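Let me begin by presenting the structure, written as C-alpha cells, before commenting on it.
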Amino acid sequence: MIKYKVYFDKSTGSVLGMTNRSLDFPNYFEAFYEDIQKFIEGNISLLDYKVKYNISTSNYEIVERSQKDEISVNDLIHKINNNQAYQIKVVKDNKNRCWKIQTSNDTRKKLQEVYTDFNENMHFSITKKNNPNILYRYFQCTVRDITDNDYLVEFNSQEEENLTNFSVYTNRKFEKYSYEVIDVNNQGN
C-alpha cells in the first residue's frame with residue numbers, strides 16, 4: 001500500500017495538498033492512497049473538506065466542512081473507571097484539598113504537537129456511586145487547561161473532602177480515563 005502525506009493548515013484545517021513526496025511543511029499526516037484516492041483523482045473537491053484531529057482515536061481525519069460531530073449517549077455521560085492506562089486522570093487529592101485533572105505524558109506531548117481545538121470543553125461530575133442523577137460537584141476545563149499542566153479545582157466544602165463513595169462522569173473526549181484518590185496520609189488508591 002502506498003502512503004501519501006496530507007498537508008494542511010493547522011489553524012483552519014484546510015487541506016493544502018496531498019503527495020507521496022516530502023515537502024518542507026510542518027503540518028501533515030500520512031494516509032493510504034486508497035483512503036484519499038477520491039481527492040487525488042479530482043472526484044471530490046478539497047474545498048468542501050478539512051482536516052480534524054480526533055482525540056479519541058489519536059488520528060487526523062479528513063471530514064466535510066459542514067459535517068456536525070456525531071455524539072453517542074455514552075460519550076455524553078461516560079463513567080470513569082479506575083484504569084492503569086489513561087490519557088486523562090481525575091484525582092481526588094485529599095491531602096491538598098483539591099481535584100486534579102492530569103494528562104498522561106504521551107497524551108500531553110501529542111496534544112502539544114497536533115491538537116487544534118484547544119477551547120473544547122470537558123465536563124466532570126462527581127456523583128453518588130453509580131448514580132449520575134445525584135450530583136455532589138461539577139466542574140469543567142478546556143483542553144488548553146490540561147495541555148501543559150494539571151488543572152486544579154479546590155474543594156468547596158468539608159463534605160466534599162469527606163466523600164468516599166462516589167463516581168466520576170464526563171463527556172468523553174478521550175478514549176482512556178481513570179481516577180485516583182490520594183488520602184491525607186499520602187497514599188493513592
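Give the residues of segment 1-13 that are without any contact (Cβ under 8 Å) to a residue 40 or more places away in the chain, surrounded by fewer than 15 Cβ atoms within 10 Å (Cβ to Cβ), closer than 15 Å to VAL51 by Cα and out of contact with any Leu (no Cβ under 7 Å at 6 or more places or on another chain), sorted by residue number. Selection gives THR12 alone. Filter segment 87-106 for residues that are part of a loop (DSSP other than H, G, I, E, B) and either within 16 Å of GLU154 (Cα to Cα) or at pLDDT 95 or above (or both) and give the result. ASN94, LYS95, ASN96, ARG97, listed by residue number. The C-beta contact set for segment 89-104 (first residue farther than 20 Å from LYS176 by Cα and without any contact (Cβ under 8 Å) to a residue 12 or more places away in the chain, second residue hydroxyl-bearing (Ser, Thr, Tyr) and surrounded by 21 or more Cβ atoms within 10 Å (Cβ to Cβ), distance under 7 angstrom, 6+ apart or interchain) is empty. If you go through segment 141-166 and keep only what is touching a residue at least 60 places away in the same chain (Cβ under 8 Å) and within 20 Å of the chain's Cα centre (by Cα), you end up with just VAL143. LYS52 meets the conditions (1) buried (at least 16 other Cβ atoms within 10 Å of the Cβ); (2) modelled with pLDDT of 90 or more; (3) basic (Lys, Arg) in every case but one. The failed one is (2). In segment 47-66, the residues that are in contact (Cβ under 8 Å) with a residue 60 or more places away in the chain and not assigned by TED's automatic domain parsing to the domain that holds ARG108 reach residues that are assigned to a strand (DSSP E or B) and of a type in the set (S, T, N, Q) with C-beta atoms within less than 9 angstrom, at least six apart or across chains, in these pairs: TYR53/ASN59.
Here TYR151 passes the criteria (1) touching a His at 6+ places or on another chain (Cβ under 7 Å); (2) crowded, with 16+ Cβ neighbours inside 10 Å except the one numbered (1).
Can you tell me how many residues within segment 167-181 are of a type in the set (S, T, N, Q) and closer than 15 Å to SER104 by Cβ? Total satisfying the criteria: 1.
The values are calculated or read from the model by the stated rules, or taken from the named source; none is laboratory data. Predicted model, so just to flag it, every value in this text is computed and none were measured. Reconstructed Cβ throughout: ideal geometry from the backbone, glycine too, with neighbour counts over all protein chains shown.
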